[in-house]
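In what follows, a structure is listed as structure tokens, so that the remarks can point back to it.
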Amino acid sequence: MLNTRQMKMILNMPKAENHIHIEGSIPWELALELGQKNHVPLPADTTEGIREWVQSILKKDGLNGFMLCDRTINSVCLHEEDYEAVVMALAKNAASQNVIYQELHLDYPLNEERGIPMEVVMEGYRSAQKKAKALYGVEIVYIAGLDRTLSSEQCVRFVRSLEKYRDMVDGLGMDCEEKGHPCIKHKESYALAKDMGLFLTAHAGEDDGAYNIWDAIRELKVTRIDHGCRCLDDAVLMKYLKDNEILCAMCPTSNLWTGAAGSYEEHPAVDMMRAGIPISISSDDPPYMVDLVQEYALALEKMHFTEDELIQTARNAFLYSIKGQKYLPVFDQWASGFIDNKCNKSH
Ligand SMILES: [Zn+2]
């Protein structure tokens, strides 16, 4: 159990989050509201009912089951204001956790398959990006996410269509099952995104081996890895990640859930950090898992992080972010106040 001082530390710390997916993070209360408004039925009409439904699907079908839940819950969004409402809810939630900077992955093809025009989704997200800063003091940076299981042509089309939204989208990422969908499949999308000046990241080393992290670095030219758990299998790769300061944006609870880690105690984050690899901690898809405050609490409570290591990890989320380095002085001021306070109390 964490003591009150530690919980206070986690809550008060200004935080950044590098890895969270909009479509997987729609709060279930809001999904129920939108479903009712738009006459889109969901498998249950209470959040408890949704939880039971989600748990039964996940138990049966793992990561594939997650994609079904994700699609079903996201299907309540039909109009620009619905997409705006979702991101505003995420920003409000972020503000309540003292998250001041958040990098959100957005997935348009998931909406395209229901016939929703791109501008409906993107303008909703754009509007929320502006309002979130003004209303909640949360800076939102978007990373367009490719579903790697889609065809390379569809992904290239998606990347091309981002040209129109360059003012609001800063990065390109890639998620979903790694097995059977090698990085090389999406080399053209990444080359295009690089030419457009987008920041490049990819989920790798989550449900497949270290070789996929190498491929993301060598073939796709990414400068960040999402997850990266399996790098521990390859000492040369670990050294490369360290020497080149490639951030691994990790999501421990999500990793437990997909089987990328056996337990919190065995999660590779702390070993990677102690080997000098920059890591940060994020919540991935919080309604299914836990929020960022809880992830940080679990890092201290179960994952063997010391307080100083957690502070370093939280700082990395700003330092290796796309646009959040300007908040480092705010973070450092908080950290020095916290450390002074700790020293005074122990004397
Ligand atoms: Zn993810």
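The values are calculated or read from the model by the stated rules, or taken from the named source; none is laboratory data. Just so it is clear, the model here is predicted, and its values are computed rather than measured. Don't worry about glycine lacking a Cβ; one is built from the backbone with ideal geometry, like all the others, and counts go over all protein chains shown. Note: accessible area is taken over every heavy atom of the protein model, side chains too, but ligands, DNA and RNA are not part of it. Shrake-Rupley method; radii C 1.70, N 1.55, O 1.52, S 1.80 Å.
Considering only region 162-183, state which residues are surrounded by 15 or more Cβ atoms within 10 Å (Cβ to Cβ), more than 16 Å from the ligand (Cβ to nearest atom) and modelled with pLDDT of 95 or more.
L162, Y165, M168, V169, D170
Looking only at region 221-245, how many residues end up being in a loop (DSSP other than H, G, I, E, B), within 16 Å of the ligand (Cβ to nearest atom) and either among the small types (G, A, S) or surrounded by fewer than 24 Cβ atoms within 10 Å (Cβ to Cβ) (or both)?
Going through region 221-245 one residue at a time, the tally reaches 1.
Would you point out which residue out of Y296, Y327 is hydroxyl-bearing (S, T, Y), touching a Leu at 6+ places or on another chain (Cβ under 8 Å) and part of a helix (DSSP H, G or I)?
Y296
Name the single residue that is nearest to the ligand (Cβ to nearest atom) among those in region 254-274 being in a loop (DSSP other than H, G, I, E, B) and touching a helix residue (DSSP H, G or I) at 6+ places or on another chain (Cβ under 6 Å).
This residue is A260.
Among the residues of region 13-52, write down those that are within 16 Å of the ligand (Cβ to nearest atom) and surrounded by fewer than 14 Cβ atoms within 10 Å (Cβ to Cβ).
Once the filter is applied, which keeps residues that are within 16 Å of the ligand (Cβ to nearest atom) and surrounded by fewer than 14 Cβ atoms within 10 Å (Cβ to Cβ), region 13-52 yields nothing.
Could you check region 198-220 and list, in sequence order, the residues that are open to solvent by 40 Å² or more (accessible area, probe 1.4 Å), farther than 25 Å from N64 by Cα and either touching an Asp or Glu at 6+ places or on another chain (Cβ under 9 Å) or within 14 Å of the ligand (Cβ to nearest atom) (or both)?
F199
Among (1) within 16 Å of the ligand (Cβ to nearest atom); (2) part of a loop (DSSP other than H, G, I, E, B), where does C248 come up short?
The one condition C248 does not meet is (2).
Of the residues that make up region 275-290, is at least one within 15 Å of the ligand (Cβ to nearest atom), of a type in the set (S, T, Y) and open to solvent by 10 Å² or more (accessible area, probe 1.4 Å)?
yes
Does I10 satisfy being more than 16 Å from the ligand (Cβ to nearest atom), over 23 Å from D107 (Cα atoms) and either modelled with pLDDT of 95 or more or open to solvent by 80 Å² or more (accessible area, probe 1.4 Å) (or both)?
Spelling it out, I10 is indeed more than 16 Å from the ligand (Cβ to nearest atom), over 23 Å from D107 (Cα atoms) and either modelled with pLDDT of 95 or more or open to solvent by 80 Å² or more (accessible area, probe 1.4 Å) (or both).
Step by step: first the residues of region 246-263, then only those that are buried (at least 22 other Cβ atoms within 10 Å of the Cβ) and in contact (Cβ under 8 Å) with a residue 60 or more places away in the chain, then the one that is nearest to G276 (Cα to Cα). Which residue is that?
Among them, the one singled out is L247.
Which residues, taken from region 53-63, are open to solvent by 30 Å² or more (accessible area, probe 1.4 Å) and within 23 Å of the chain's Cα centre (by Cα)?
Q55, L58, K59, D61, G62, L63
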